[in-house]
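Taking it in order: structure first as structure tokens, then the write-up.
The values are calculated or read from the model by the stated rules, or taken from the named source; none is laboratory data. Since the structure is predicted, the reported quantities are computational estimates derived from the model, not experimental observations. Every residue, glycine as well, gets a Cβ built from its backbone with ideal geometry; the counts of neighbours run over all protein chains shown. Side chains included, ligands, DNA and RNA excluded: accessible areas come from the protein's heavy atoms. Shrake-Rupley method; radii C 1.70, N 1.55, O 1.52, S 1.80 Å.
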Amino acid sequence: HAARRNYREKPTSLQEAWLFRVKQLASAMQIPKYSEKELRETLDVLEHFMTEPEEIRHVPGVLAQCGVRLVIVEPIPNSKIDGVCFWIDEGKSPVIGLTLKGDFIDRFWFNLRHEIEHLLRGDGKTSIAIDDFDAQDGTDEAEKAANYAAGDFCVPKRAMDDFVVRHDPMYSNAQLIGFSRIMKRHPGIVAGQLQRRIGRPELFKKYQVRVREIVAQSALTDGYGHEVTADKVGD
């Protein structure tokens with residue numbers, strides 16, 4: 001996965017409608033003050049949730065403790081948006097909005113880490129950072145930095161390069177499972193990065209499980225059959 005964004009283009013009316021809903025929900029959340037230091041330290045915590053799909057349910061709460069609002073809103077058809085980062089409260093409180101239109105485990109982690117990198121860089125303060133991961137391979141420096149951080153977070157680049165050198169072009173399920181265990185990642189996360197690395201999107205797709213319903217258990221979610229409730233807004 002990779003993201004491309006054209007800063008010269010204003011958000012479309014569909015994107016603006018989606019963004020309005022994300023901002024509306026995020027503004028209603030009650031969470032602690034944002035701490036960049038705590039967010040950086042939390043990256044190590046997030047890695048512990050990457051072995052099993054069910055562990056993703058902890059992500060919204062952990063981010064909230066750092067002062068990061070994570071909101072899931074179903075995309076408007078043809079809006080061409082996967083994720084966004086922006087700041088509210090006069091640039092003091094960061095927001096990550098995701099559509100989860102591609103709700104496979106590898107895509108979730110890549111998208112999330114991509115938006116976190118934008119926040120850590122301070123992106124989205126002067127102009128909302130809108131990402132469309134179907135566009136692919138942007139040349140913007142902010143996007144390149146976020147893409148690299150996300151990919152390296154999912155599977156460290158040096159380890160992936162070594163795996164490809166040793167096994168390309170013949171890959172087996174046993175090799176993938178063994179490598180995933182060493183990396184302490186779910187096989188679906190590794191499969192997604194491997195597909196991208198060698199240009200074989202069909203490889204090991206059976207491991208790329210869907211996680212939307214798991215995320216929706218704990219994230220503030222609007223759409224996909226989930227209704228926003230007062231208790232979630234107040235968490």
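Here is how the numbers come out for the structure above:
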| item | result |
| --- | --- |
| Dipole moment magnitude, nearest 20 debye, the chain about Cα centre, only Lys, Arg, Asp, Glu C-beta charged | 380 |
| The chain - percent relative contact order, Cα under 8 Å, separation 6 or more | 28 |
| Residue-span extension gain [residue 197 to residue 33] - 0.36 nm each, minus C-alpha spacing | 55.2 nm |
| Among 169, 94, 77: highest mean-square fluctuation, GNM of the chain, C-alpha pairs under 10 Å | 169 |
| The range 57-190: relative contact order as a whole-number percent, Cα under 8 Å and 6+ apart | 22 |
| The chain - percent of accessible surface contributed by carbon and sulfur, probe 1.4 Å | 50 |
| The chain - accessible surface per residue (Å², probe 1.4 Å) | 49 |
| 3J(HN,Hα) from dihedral phi, the range 167-176, Karplus parametrisation 6.51/-1.76/1.60, rounded to Hz, x for glycine, proline | 10, 5, x, 9, 10, 10, 4, 4, 5, 5 |
| Degrees separating the helix 105-121 axis from the principal Cα axis of the chain, which is the longest one | 60 |
| For the range 20-26, 3J(HN,Hα) per residue [Karplus equation, 6.51 cos²θ - 1.76 cosθ + 1.60, θ = phi - 60°, Hz, x = Gly/Pro] | 4, 5, 4, 5, 4, 5, 4 |
| Among 67, 223, 192, residue whose mean-square fluctuation peaks in a GNM of the chain (springs only between Cα atoms under 10 Å) | 223 |
| Residue 40 versus residue 52: modelled label distance in nm, points set 7 Å from Cα along the beta carbon direction | 3.2 |
| Under-5 Å amide H pairs with residue 129, H placed in peptide plane, nonlocal only | 85, 124 |
| Total charge dipole magnitude, the range 95-154, about the Cα centre, Cβ charges on Lys, Arg, Asp, Glu only, Debye to nearest 20 | 220 |
| Gaussian network model of the chain, springs between alpha carbon atoms under 10 Å - residue of 146, 219, 159 with greatest fluctuation | 159 |
| Accessible-area ranking of 27, 218, 93, largest first, probe 1.4 Å | 27, 218, 93 |
| Length gained when the stretch residue 162-residue 210 is fully extended (0.36 nm per residue, less Cα-Cα span) | 14.5 nm |
| Using θ = phi - 60° and Karplus 6.51 cos²θ - 1.76 cosθ + 1.60, couplings along the range 62-78 (whole Hz; Gly, Pro as x) | 5, 5, 4, 4, 8, x, 9, 8, 10, 10, 10, 10, 4, x, 7, x, 6 |
| By accessible area with a 1.4 Å probe, ligands and nucleic acids excluded, highest first: order of 165, 45 | 165, 45 |
| For residue 220, residues with placed amide H under 5 Å, excluding near neighbours | 72 |
